[in-house]
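Undergrad: First the structure, which I've put down as C-alpha cells, then a few questions once you've had a look.
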Amino acid sequence: MMQVLLTFFRKTPLYPLYRAVMERRARRKHSRRSAAFRREAVQVLQRFSAALDEAQITFWLEFGTLLGYYREHDFISHDCDLDTGAFLEDQPKIQAVLEQAGFELVRYYNVKDDGGREECYKHRDMSTTIDIFYFRVEGDVMYCNIFAPLKNMTFRWSLNRLMPFRTMRVNFPLSDMQQVEFKGVRVRIPMNTDVHLRAQYGDDYMTPNPNFGMKDRKNVIYFTYEEKPCEGLLKIGFIE
C-alpha cells in the first residue's frame with residue numbers, strides 16, 4: 001500500500017517541490033557534518049586509537065580514511081566520518097572498551113545468519129562518528145560486509161526499531177598490518193595498502209574521481225535480502 005501511495009505522489013506537482021526541499025536539507029546537513037568533522041576528526045581518531053591500543057586490540061584505517069591517508073596524506077575533502085577495520089572476533093571486547101572510553105554505539109547492522117557486522121560510534125563530547133567494519137579471513141582473502149536499504153523502503157530509519165537491509169560482501173587480499181602515524185595519531189594500515197586500495201577503487205585510484213560509486217567496485221558481491229538478511233538499528237537521540 002505504501003509503495004502505491006509513493007508512486008502516486010511522484011506523479012503529483014508537489015513531488016518536485018518535495019525533492020527540492022529534501023535536497024536542500026541534505027546539503028545543509030552535509031555542510032554541518034563537514035564542519036564538525038574538520039574540527040573533531042583528529043581528536044576522535046586519537047581517543048579511539050588510544051582506547052584500542054591500551055587494550056591491545058588491532059584496528060586499521062579503512063575505505064575513505066585509508067584512501068585519504070595514502071593519496072592525500074590527509075582526510076579526503078568530502079569526508080564526514082572516519083572508517084576503520086577490525087576483526088569480528090574482537091567485537092565484544094571493542095564495544096566494551098569503547099563504551100568505557102566514552103564512546104556510544106549509535107548505529108549497527110547485523111547479518112542474521114552469520115554474524116557479519118558493522119558498527120558506528122560517537123564520542124559523548126563530539127558529533128563526528130567513526131565506523132568499524134568487521135572483517136573475517138577466508139583463505140587468502142579478508143572480507144567485511146557493508147549494507148544498503150532495500151530498494152522499496154520508503155524511509156531509511158525508524159529509531160530504535162530493527163529495519164531490513166541488503167548485504168554486500170567486500171573482498172580484499174589478505175594482509176598483515178603495519179603501524180604508521182596519521183595526523184599525529186598512531187594507527188595501522190594494511191601492509192599491502194596499494195593492492196588493498198586498487199581492489200576497492202580501481203587501478204586509477206590515485207586520481208580523484210567524484211563519480212566513482214558502488215557500481216564501479218569490482219571486489220563486491222551483492223546478496224538479496226532473502227539470500228543474506230540483515231537488520232540495522234539507529235538509536236534514539238542520534239541524528240545522522
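The values are calculated or read from the model by the stated rules, or taken from the named source; none is laboratory data. Model, not experiment: these values are computed from the prediction. Don't worry about glycine lacking a Cβ; one is built from the backbone with ideal geometry, like all the others, and counts go over all protein chains shown.
Undergrad: Does Gly213 meet the test of being at pLDDT below 95, over 19 Å from the mean Cα position of the chain (by Cα) and within 26 Å of His78 (Cα to Cα)? Walk me through it before giving the result.
TA: Details: at pLDDT below 95: yes; over 19 Å from the mean Cα position of the chain (by Cα): no; within 26 Å of His78 (Cα to Cα): yes.
Answer is no for this residue.
Undergrad: In addition: Just to verify a result, which residue in the range 158-171, among those that are buried (at least 16 other Cβ atoms within 10 Å of the Cβ) and not polar (S, T, N, Q), is modelled with the lowest pLDDT?
TA: Met163
Undergrad: Please work out which one of (1) in contact (Cβ under 8 Å) with a residue 24 or more places away in the chain; (2) surrounded by fewer than 16 Cβ atoms within 10 Å (Cβ to Cβ) is the condition Asp203 fails and give its number.
TA: (1)
Undergrad: Right, next: Report yes if some residue within the range 186-201 is in a strand (DSSP E or B), more than 16 Å from Gly64 (Cβ to Cβ) and over 18 Å from the mean Cα position of the chain (by Cα); otherwise report no. Before the answer, list the steps.
TA: Of the residues in the range 186-201, the ones in a strand (DSSP E or B) are 186-190.
With more than 16 Å from Gly64 (Cβ to Cβ) added as a condition, the list becomes 186, 188.
Next, from what is left, pick out any that are over 18 Å from the mean Cα position of the chain (by Cα): 186.
Yes, there is a match, as at least one residue in the range 186-201 is in a strand (DSSP E or B), more than 16 Å from Gly64 (Cβ to Cβ) and over 18 Å from the mean Cα position of the chain (by Cα).
Undergrad: Tell me, which residue of the range 50-84 that is of a type in the set (Val, Ile, Thr) and modelled with pLDDT of 95 or more is nearest to Gly202 (Cα to Cα)?
TA: Restricting attention to the range 50-84, the residues satisfying the condition of being of a type in the set (Val, Ile, Thr) are 57-58, 65, 76, 84.
Then keep just the ones that are modelled with pLDDT of 95 or more; that gives 57-58, 65, 84.
Values: Ile57: 30, Thr58: 26, Thr65: 16, Thr84: 20 Å.
It comes out as Thr65.
Undergrad: Any residue that is surrounded by 12 or more Cβ atoms within 10 Å (Cβ to Cβ), acidic (Asp, Glu) and within 27 Å of Arg38 (Cβ to Cβ) - is there at least one of those in the range 131-140?
TA: The first filter runs over the range 131-140 and keeps only residues surrounded by 12 or more Cβ atoms within 10 Å (Cβ to Cβ), leaving 131-137.
Now drop any that are not acidic (Asp, Glu), which leaves 131.
Of the ones still in play, those that are also within 27 Å of Arg38 (Cβ to Cβ) are 131.
Looking through the range 131-140, at least one residue is surrounded by 12 or more Cβ atoms within 10 Å (Cβ to Cβ), acidic (Asp, Glu) and within 27 Å of Arg38 (Cβ to Cβ).
Undergrad: Please pick out the residue among Val137, Val170, Val111 that is closer than 26 Å to Ala41 by Cα and not basic (Lys, Arg).
TA: Val170
Undergrad: Any idea which residue in the range 172-191 is nearest to Gly139 (Cα to Cα), counting only those that are surrounded by fewer than 20 Cβ atoms within 10 Å (Cβ to Cβ) and in contact (Cβ under 8 Å) with a residue 40 or more places away in the chain? If you could, list the steps in order and put the result at the bottom.
TA: Initially, the range 172-191 is screened for residues surrounded by fewer than 20 Cβ atoms within 10 Å (Cβ to Cβ), giving 173-181, 183-186, 191.
From what is left, the residues that are in contact (Cβ under 8 Å) with a residue 40 or more places away in the chain are 177, 180, 183-186.
On the way: Met177: 17, Val180: 26, Lys183: 34, Gly184: 34, Val185: 32, Arg186: 29 Å.
Per the stated criteria, the residue is Met177.
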